[in-house]
Amino acid sequence: ENDLIRDLFSPTINARVGAEGRVGIYRFRAGYAYQGGGLEREAVIYSDPTDLSRTLEIQPERQIFSIGAGIRQPTYYLDVAYVNQRSMDKFAPYTTQNQSIYNPDLINTQNRQSFVISIGFLY
C-alpha cells in the first residue's frame, strides 16, 4: 500500500493570497487560492476516447478566485462574495483485468460559481 501511495502521489504546494480594502464602514476583498494536484504523471494520463493511440493529461490543480464587499457596523456585519472554483479530475467507473479491453475514464472538468452572503452580530 505504501509503495502504491508513493507511486501515485507527490508533494504539492497550496497557496493563498488575498487583500482587503477599508473605506469607512465598507469593506472590499479579493483573493486567489491554488491547491496543487499532488498526483504523479501515471495518475493524470488517460486515453483519448476519439483516438485510443493518443494519451491526454488532466490538470488536477484547483484554482479559486473570489471577490466580495461588505459593511461593518458596531453591532453587525454583512458580507457578499462571488467565488469561482476551477478543477479537473479523472475517475474510472469500472475496470477489467483484461488490458486488451478499453476501460474508459470519466474526466470531470468543473467550474463552480457561487454567491455567498453572510451576516453576523457582534456583542
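The values are calculated or read from the model by the stated rules, or taken from the named source; none is laboratory data. Here the structure is a predicted model, which means the values were calculated and not measured. Quick reminder, even Gly has a Cβ in these numbers, built from the backbone with ideal geometry, and neighbours come from all protein chains shown. The accessibility values were calculated without ligands, DNA or RNA, using every heavy atom of the protein model including side chains. Shrake-Rupley method; radii C 1.70, N 1.55, O 1.52, S 1.80 Å.
List of remarks:
Okay, residues lined up against (1) of a type in the set (Ser, Thr, Tyr); (2) without any contact (Cβ under 8 Å) to a residue 24 or more places away in the chain; (3) open to solvent by 50 Å² or more (accessible area, probe 1.4 Å):
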{"residue": "TYR77", "(1), (2), (3)": "yes, no, yes"}
{"residue": "PRO93", "(1), (2), (3)": "no, yes, yes"}
{"residue": "ASN98", "(1), (2), (3)": "no, yes, yes"}
{"residue": "ASP105", "(1), (2), (3)": "no, no, yes"}
{"residue": "ASN111", "(1), (2), (3)": "no, no, yes"}
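- GLN85 being open to solvent by 80 Å² or more (accessible area, probe 1.4 Å) and either out of contact with any Leu (no Cβ under 6 Å at 6 or more places or on another chain) or assigned to a loop (DSSP other than H, G, I, E, B) (or both): no
- Lone qualifier among TYR76, TYR32 - being aromatic (Phe, Trp, Tyr), under 16 Å from the mean Cα position of the chain (by Cα) and farther than 16 Å from THR12 by Cβ: TYR32
- Test: residue in the range 47-59 that is touching a strand residue (DSSP E or B) at 6+ places or on another chain (Cβ under 6 Å), part of a loop (DSSP other than H, G, I, E, B), more than 20 Å from ALA15 (Cα to Cα) and among the hydrophobic types (A, V, I, L, M, F, W, C): yes
- Among the residues making up the range 83-105, a single one is among the hydrophobic types (A, V, I, L, M, F, W, C), closer than 19 Å to ILE45 by Cβ and at pLDDT 80 or above: MET88.
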